[in-house]
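The values are calculated or read from the model by the stated rules, or taken from the named source; none is laboratory data. For clarity, every value in this text was computed on a predicted model and none was experimentally measured. Cβ placement follows ideal geometry from the backbone for every residue including glycine, while neighbour counts extend to all protein chains displayed.
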């Protein structure tokens, strides 16, 4: 699905977008806490590649996708690369690598990768 083919009929998936909670560690420092869901929205998904990497002696499969969502100032325009996207149906979490926020378009394209250690 290309951006020009994007439409309501392509919004067949449901994604949640999560942000790390900032927690005071009691010593005046702010540390990363658990993921906290910010919102859910319908999305279109384009599978762009699957790759395998050898990490710490084991084979790990990674999947990269482009998530397409409607622009909305109160929700999707807040997404940043330190957030994660989560497929609500499968529970698969994706690290957000890039958010293409082109002002001339009605959609956002979010490059995301699964099976990456998010700590």
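Being at pLDDT below 90, touching a strand residue (DSSP E or B) at 6+ places or on another chain (Cβ under 8 Å) and either surrounded by 10 or more Cβ atoms within 10 Å (Cβ to Cβ) or at negative phi (or both), is that true of even one residue in the stretch 10-17? Within the stretch 10-17, one or more residues are at pLDDT below 90, touching a strand residue (DSSP E or B) at 6+ places or on another chain (Cβ under 8 Å) and either surrounded by 10 or more Cβ atoms within 10 Å (Cβ to Cβ) or at negative phi (or both). The one condition from (1) modelled with pLDDT under 95; (2) assigned to a loop (DSSP other than H, G, I, E, B); (3) under 17 Å from the mean Cα position of the chain (by Cα) that residue 103 does not meet is (3). For the stretch 57-78, the count of residues that are touching a strand residue (DSSP E or B) at 6+ places or on another chain (Cβ under 7 Å), farther than 24 Å from residue 20 by Cβ, at pLDDT below 95 and assigned to a loop (DSSP other than H, G, I, E, B) is zero.
When you scan the stretch 90-100, do you find a residue that is touching a residue at least 40 places away in the same chain (Cβ under 8 Å) and surrounded by fewer than 17 Cβ atoms within 10 Å (Cβ to Cβ), even just one? Checking the stretch 90-100: not a single residue is touching a residue at least 40 places away in the same chain (Cβ under 8 Å) and surrounded by fewer than 17 Cβ atoms within 10 Å (Cβ to Cβ). Report yes if some residue within the stretch 33-53 is out of contact with any strand residue (DSSP E or B) (no Cβ under 7 Å at 6 or more places or on another chain), exposed (fewer than 11 other Cβ atoms within 10 Å of the Cβ), at pLDDT below 85 and over 18 Å from residue 96 (Cβ atoms); otherwise report no. The answer is no; no qualifying residue exists.
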